[in-house]
Amino acid sequence: MKNRTILSDKINKKFIFKYEPQASVKEIFTHLEESIRTGKKHVQPKNVSITNDLAVTNRILSKTRLEIFSAIREKEPNNIHELAQLLHKDYENV
């Protein structure tokens, strides 16, 4: 049961994909300068992916990946093998 809890905790994590056309390298350096000046860290959460390129967003959120994310959320498989069976896919393709 402990393994199920750990997997469940991982399943319940939220991943955020943001498209921000104005995001730029300049913005990154602005945050760096502010961190140096104030001593406060500007930390991007690990579960957030920001891009200013729709092509990157489309690669990240492909139809196949969305199907996988949906199956994980709705079916709560115990492992990748079970997920592959639920999706009717070979294990190697999951």
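Read-outs: derived from the displayed coordinates by stated rules, not from any lab. Model, not experiment: these values are computed from the prediction. Methodologically, a virtual Cβ is constructed for each residue, glycine included, from the backbone with ideal geometry; neighbour enumeration extends over all protein chains shown.
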Between the Cα axis of helix 25-38 and the main Cα principal axis of the chain, the angle (0 to 90°, nearest 10) is 70 degrees
Positive end of the charge dipole of the chain (Lys, Arg +1 and Asp, Glu -1 on Cβ, about the Cα centre): tell me which of P45, V94, V56 has its Cα farthest that way. P45
Could you calculate the FRET efficiency of A55 with N78 from 1/(1 + (r/R0)^6), where r is the beta carbon distance between them and R0 is 30 Å, rounded to 0.05? 0.30
Give, rounded to the nearest 20 debye, the magnitude of the charge dipole that the range 18-60 has about its Cα centre when Lys and Arg contribute +1 at Cβ and Asp and Glu contribute -1 at Cβ. 180 debye
Over 32 Å between Cα atoms: which of K40/K75; K14/K41; K26/K89 fall into that group? K40/K75; K26/K89
What's the long-distance tail for the chain, i.e. % of Cα pairs beyond 16 Å? 68 percent
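Length gain on complete extension for the stretch E27 to H88, per 0.36 nm per residue less the alpha carbon to alpha carbon distance?
Numbers: separation 61, 0.36 × 61 = 21.96 nm, distance 4.32 nm.
So the extension gain works out to 17.6 nm.
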Helix 2-11 against the longest principal axis of the chain: what's the angle in degrees, Cα atoms only, rounded to the nearest 10? 50 degrees
With θ taken as phi - 60° and the coefficients 6.51, -1.76 and 1.60, list the Karplus ³J(HN,Hα) couplings across the range 80-88 in order, rounded to whole Hz; mark glycine and proline as x. 5, 4, 5, 4, 4, 5, 4, 8, 6
